[in-house]
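Chemist: One structure, as structure tokens, below. Some questions next.
The values are calculated or read from the model by the stated rules, or taken from the named source; none is laboratory data. Computed from a predicted structure; not experimentally measured. Please note: Cβ atoms are built from the backbone with ideal geometry, for glycine as well, and neighbour counts cover all protein chains shown.
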Amino acid sequence: MTDLVLVRHGQTVWHAENRYAGVSDVELTPHGHAQAAQLAEWAANAGLEAVWASTLSRARITAEAAAAKAGVALRSDARLRELDFGDGEGLTAAEMKARFPEARAAFEADPAEHPLPSGEDPHRAAARFVDALDDIAAAHPGGRVLVVAHTTAIRLALCRLIGVPLGEYRRLFPRLDNCALTELRPPELGEHGRAALLQYNSPIGAVR
């Protein structure tokens, strides 16, 4: 059985104001780099067969040290990138409410059916992220793999994999901390069913 450890990248310069980064390439803060170093220490003894990351720099940089400590090459896949928030990119929730209040209210009521203006369809985002996870699991049968990506994309994928409506992702998974561990076990190749969620949002070092 393949176990996938999904991790949100380290803290970015937009974190303090909770700005929606989406597909914008936002830098890590010094604290974000320190979180990446902690993740690398965990990775050194986590029994990882591979490390994968989104192509966005905040995820790739977070994953680089972990791959080095685990003794594996870092691989990347554009399908692991964050949801594109369209006109919401770079804005806070309050700024969105001021600029497009009706669209923001619809998003809060059902974020899967009402993406932010010009934003990516969450159903398509979940599908491409899960497709990437399927391919990663197939490439490493029976292994444990670290996947460094992004908060909304991960939460959407979790909903799809455990069989709950995508519109519930903000309620069921209200937070995903930087560099915390979320581990799941997808169905075996050729089998139907839902993934098993082994841990969610666990602090680094809590589980080996």
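Chemist: I'd like to check something: does region 121-141 contain any residue that is at pLDDT 95 or above, under 15 Å from the mean Cα position of the chain (by Cα), buried (at least 16 other Cβ atoms within 10 Å of the Cβ) and of a type in the set (D, E, K, R)?
Modeler: Looking through region 121-141, at least one residue is at pLDDT 95 or above, under 15 Å from the mean Cα position of the chain (by Cα), buried (at least 16 other Cβ atoms within 10 Å of the Cβ) and of a type in the set (D, E, K, R).
Chemist: Within region 79-99, can one find any residue that is in a strand (DSSP E or B) and within 15 Å of the chain's Cα centre (by Cα)?
Modeler: no
Chemist: In region 94-124, how many residues are farther than 17 Å from residue 19 by Cα and in contact with a His (Cβ under 6 Å, 6 or more places away or on another chain)?
Modeler: Total satisfying the criteria: 1.
Chemist: For a quick check of your reading of the model, give me the residue pairs whose first member lies in region 57-86 and is on the phi > 0 side of the Ramachandran plot, whose second is of a type in the set (Asp, Glu) and at pLDDT 95 or above, with beta-carbon atoms closer than 9 Å and at least 6 apart or on different chains.
Modeler: Pairs that qualify, where the first residue is on the phi > 0 side of the Ramachandran plot and the partner is of a type in the set (Asp, Glu) and at pLDDT 95 or above, are 86/120.
Chemist: Go through the residues of region 8-17 one by one and say whether even a single one is out of contact with any helix residue (DSSP H, G or I) (no Cβ under 6 Å at 6 or more places or on another chain), among the aliphatic types (A, V, I, L, M) and within 24 Å of residue 136 (Cβ to Cβ).
Modeler: The answer is no; no qualifying residue exists.
Chemist: Could you say which residue among 48, 56 is buried (at least 21 other Cβ atoms within 10 Å of the Cβ), out of contact with any helix residue (DSSP H, G or I) (no Cβ under 8 Å at 6 or more places or on another chain) and of a type outside the set (S, T, N, Q)?
Modeler: Exactly one residue qualifies, and that residue is 56.
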